[in-house]
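See below for the structure under consideration.
The values are calculated or read from the model by the stated rules, or taken from the named source; none is laboratory data. For clarity, every value in this text was computed on a predicted model and none was experimentally measured. Here Cβ is always computed from backbone atoms with ideal geometry, including for glycine, and neighbour counts include all displayed protein chains.
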Amino acid sequence: MKFKGIGLFALGTLFGLEGVKLLSSKDAKKAYAHCTAGVLRAKDAVLDQVTTLQENCTDIYAEAKSINEDRANKDNGSCEEDDSKS
């Protein structure tokens, strides 16, 4: 039982050391660079979409505000007409 734990620890250490060597190889670094470049391109695409969405929301908000102002002016105008008829 005791040797099993020591053996598993030694095996884990060996795999860990080999994993570090594998992850720090030139091919792995090249793959990391390509993955990172892809993530950066995706980030740029998302930011472009967010900017477009923000612009559209700003336009919609301005139009809705204008509609509400027109309605308020129209309602105020009809109230003034009602007051003048009395």
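Please tell me if Gly7 is without any contact (Cβ under 8 Å) to a residue 12 or more places away in the chain and over 26 Å from the mean Cα position of the chain (by Cα). In short, yes.
When each of Glu55, Glu81, Glu18 is tested for being surrounded by 10 or more Cβ atoms within 10 Å (Cβ to Cβ) and modelled with pLDDT under 95, the lone residue that passes is Glu18.
Take Thr13 and decide whether it is surrounded by 10 or more Cβ atoms within 10 Å (Cβ to Cβ), at pLDDT below 95 and hydroxyl-bearing (Ser, Thr, Tyr). Against the criterion (surrounded by 10 or more Cβ atoms within 10 Å (Cβ to Cβ), at pLDDT below 95 and hydroxyl-bearing (Ser, Thr, Tyr)), Thr13 qualifies.
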